[in-house]
1. Between segment 82-159 and segment 160-186, how many Å separate their Cα centres?
2. Decide, for segment 31-94, between rounded, prolate and oblate: order the square roots of the alpha carbon gyration tensor eigenvalues as a ≥ b ≥ c, take rounded if a/c falls under 1.5, and otherwise choose prolate if a/b is larger than b/c, else oblate.
3. Just the Cα atoms of segment 106-160: what Rg and Dmax do they give in Å?
4. Might you report the magnitude of the Cβ-based charge dipole of segment 125-186 about its Cα centre, with Lys and Arg at +1 and Asp and Glu at -1, to the nearest 20 debye?
5. Using alpha-carbon pairs under 8 Å, 6+ residues apart, how would you state the relative contact order of the chain in percent?
6. Quick one: among Val35, Val151, Val159, which has the greatest mean-square fluctuation in a GNM of the chain with alpha-carbon springs under 10 angstrom?
7. Against the longest alpha carbon principal axis of the chain, how many degrees, from 0 to 90 and to the nearest 10, is the axis of helix 89-98 turned?
8. Lys and Arg at +1, Asp and Glu at -1: add these up for the other residues within a Cβ distance under 13 Å of Leu67 and post the number.
Amino acid sequence: MALAVSTAPNPTQESNLQLKLSTKREELVSKLSVVSRAVSTRAATQSLSGILVTVQDGKVSLSATDLEMGLQTTLEAEADGDGSVLLPGRLLAELSRSLGHESVEIEVREAERDVEIRSGGSSFHLRVLAAEDFPKFPDEGEQPLTIPAAVMAGTVDVVARAASRDDMRPVLTGVLVSAAAEEMTM
């Protein structure tokens with residue numbers, strides 16, 4: 001599988017980073033079937049319905065989250081370059097299962113803002129989602145923030161009243177939580 005990814009969402013950036021990776025169809029299908037379990041079916045944001053393909057230091061990882069559960073796995077592949085691309089998760093998993101050829105090529109076409117997937121004589125196009133909107137996974141070895149249950153419950157009670165109960169605008173139904181050092185803000 002060959003993957004060319006542009007990490008330049010900003011049109012003012014001059015250089016485009018091109019990534020290439022190659023792998024077998026069975027490996028891709030196997031790893032996507034694991035990660036796609038965390039793809040959100042009722043996403044408040046479009047990025048939660050995607051699978052993030054990341055290449056860093058020659059290692060390829062696939063990530064998905066619905067904000068309640070996050071899954072990440074490595075894909076055995078040969079890779080050149082670093083970067084990431086966010087693809088529609090369910091569609092990518094279904095498409096990869098339907099491919100008949102042993103090898104798969106994926107190339108990001110920046111001008112068209114899509115990804116071309118080729119396998120044998122077949123060719124498919126998927127729109128690229130905004131990778132910068134995908135939630136960041138915690139770094140390995142990072143210590144979690146520990147908060148007493150009573151303090152957490154009290155804080156949630158105070159701020160949850162401001163969250164909307166109307167599903168028409170899902171982004172307003174949540175509570176923004178941020179943590180830094182030894183402090184959490186809601």
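The values are calculated or read from the model by the stated rules, or taken from the named source; none is laboratory data. All values reported here derive from a predicted model rather than from experimental measurement. A quick note on method: Cβ atoms are made from the backbone with ideal geometry, for glycine too, and the neighbour counts reach across all protein chains shown. SASA here: full protein model, heavy atoms, side chains in, ligands and nucleic acids out. Shrake-Rupley method; radii C 1.70, N 1.55, O 1.52, S 1.80 Å.
1. If we compute the Cα centre of each part, the gap is 22 Å.
2. Here segment 31-94 falls in the prolate category.
3. Rg, Dmax (Cα atoms, Å): 21.3, 60.
4. That gives segment 125-186 a dipole magnitude of about 360 debye.
5. That works out to 19 percent.
6. Of Val35, Val151, Val159, the Gaussian network model singles out Val151 as fluctuating most.
7. Approximately 30 degrees, to the nearest ten.
8. Every neighbour counted, the sum reads -1.
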